[in-house]
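These notes concern the structure reproduced below.
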Amino acid sequence: MNTTTPLLEVRDLRTAFHTNEGAWLAVDGVNLSVERGEIIGLVGESGSGKSVTGFSLLGLIDPPGEVVSGDVLFNGQNLRDMPEAELRQLRGNKIAMIFQDPLMTLNPVLRIKEQMMEAIQCHYPKTPAKQAEARCIEALEMVGIPAPEKRLNSYPHEFSGGMRQRVAIAIAMLNHPDLIIADEPTTALDVTIQGQILYQMQQLCREHNTAMIWITHDLGVVAELADKVAVMYAGRIVEYGSVADILSSPRHPYTQGLLRSMPTATLPGKRLTQINGMAPTLTGREAGCTFRPRCPYQTSQCATAVPPQTWQGDRYYSCYAPISSTQEHA
Ligand SMILES: Nc1ncnc2c1ncn2[C@@H]1O[C@H](COP(=O)(O)OP(=O)(O)O)[C@@H](O)[C@H]1O
Ligand SMILES: [Mg+2]
């Protein structure tokens, strides 16, 4: 394998939902590259297509949804051509997913131990039971669960919400995945617990060189956790780059809007602002830039076509009227 091959390379991914009114593209041409060990925040308002992107990457879209085009190259291998049986071997092993609701991962009627042992043994059936159990204990320890030997015998409902999510994270880490896709796993938790989990996930990824795509609607989470950020709007990534660059000097007006609606980013004396308008719906999508109806900087060019990706060093934006570095603090 070429050492310059990214761990994950997504090219022009499109996912449609077939409805009575026609096909609705929830993901509309996503390009994304993830290096080994890199943490990427995929951020955008609710309904922008973040979860559908995550599920599409793993081949987990069910009818009426369908991935209609694009490539998902994992270690250079196209997951879109991979038979379902092989994909299943990859999921929960080399690629793990963590959901907002830990009960998507945890079976309520089984003890944690049985579920964790199964997560190891379905991928590595020859692992001796003693060794598998030691790994379960180690994984629970890693995510900060006290008395892990004892807790192995508990059922999911015997844990608090935060602890339950930690168990789901421990299961995701069990087989030392190369990539974790985390879909708002801390959104339902209180901020203190969220902060602890973010810190722990970052440490774990650094220690094991695990890459992660962290899906969130919260730029504050991205600022705390991620190396890179991909800003999603109406099924497209409208801005991408290092967290330091994008958060300090957004080029896309949507990113700027998200930053201004973030309480922690508000400077003293500055009012918290909302982005005006609504994200486009099935019937409301117009030609040109999808953000145009809400954009304070729109020009006539914005109605003509979808803005292409403009690269500046290692960041890009898709906008005909980008915010310049002199404008951004206005
Ligand atoms: N099962 C489904 N059937 C029809 N539309 C769906 C389905 N799942 C998601 N969508 C649509 O796809 C769009 C993106 O959804 P989603 O990826 O869940 O957004 P996000 O995770 O960014 O909040 C939304 O407009 C949503 O209504
Ligand atoms: Mg979602």
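Just so it is clear, none of the values below were taken in a lab; they were calculated from the coordinates. This is a predicted model, so every value here is computed, not measured. Neighbour counts run over all protein chains shown; Cβ positions are idealised from the backbone, glycine included.
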Suppose we filter segment 190-239 for residues that are aromatic (F, W, Y) and crowded, with 20+ Cβ neighbours inside 10 Å; how many remain?
2
In segment 88-99, residue nearest to the chain's Cα centre (by Cα) [restricted to those that are outside any strand (DSSP E or B) and buried (at least 16 other Cβ atoms within 10 Å of the Cβ)]
F99
Being farther than 26 Å from R206 by Cβ, free of Cβ contacts under 8 Å to residues at least 24 places away in the same chain and surrounded by 11 or more Cβ atoms within 10 Å (Cβ to Cβ) is true for just one of E138, E133. Which residue is that?
E133
Residue check: is S48 within 16 Å of ligand 2 (Cβ to nearest atom) and under 29 Å from L204 (Cα atoms)?
yes
In segment 298-311, which residues are loosely packed, with under 15 Cβ neighbours inside 10 Å, more than 27 Å from the chain's Cα centre (by Cα) and not in a helix (DSSP H, G or I)?
T299, T304, A305
If we scan segment 107-129, do we find a residue that is surrounded by fewer than 20 Cβ atoms within 10 Å (Cβ to Cβ), touching a residue at least 40 places away in the same chain (Cβ under 8 Å), of a type in the set (A, V, I, L, M) and more than 16 Å from ligand 2 (Cβ to nearest atom)?
yes
For segment 159-211, give me each residue that is assigned to a helix (DSSP H, G or I), of a type in the set (S, T, Y) and either under 18 Å from the mean Cα position of the chain (by Cα) or closer than 22 Å to A134 by Cβ (or both).
Y199
Hey, does segment 51-63 have a residue that's of a type in the set (D, E, K, R) and under 30 Å from A244 (Cα atoms)?
no
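Residue-by-condition table, conditions (1) part of a strand (DSSP E or B); (2) surrounded by fewer than 18 Cβ atoms within 10 Å (Cβ to Cβ):
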position: G29; (1), (2): yes, yes
position: G37; (1), (2): no, yes
position: G41; (1), (2): yes, no
position: T53; (1), (2): no, no
position: S56; (1), (2): no, no
position: I61; (1), (2): no, no
position: E66; (1), (2): yes, yes
So A172, is it away from ligand 2 (no atom under 16 Å from the Cβ), under 23 Å from Q89 (Cα atoms) and among the small types (G, A, S)
yes
I'm told Q89 meets every condition in (1) within 16 Å of ligand 2 (Cβ to nearest atom); (2) farther than 30 Å from A223 by Cβ except one. Can you identify the failing condition by its number?
(1)
Residues of segment 1-14 that turn out to be in contact (Cβ under 8 Å) with a residue 60 or more places away in the chain and surrounded by 23 or more Cβ atoms within 10 Å (Cβ to Cβ), as a count:
2
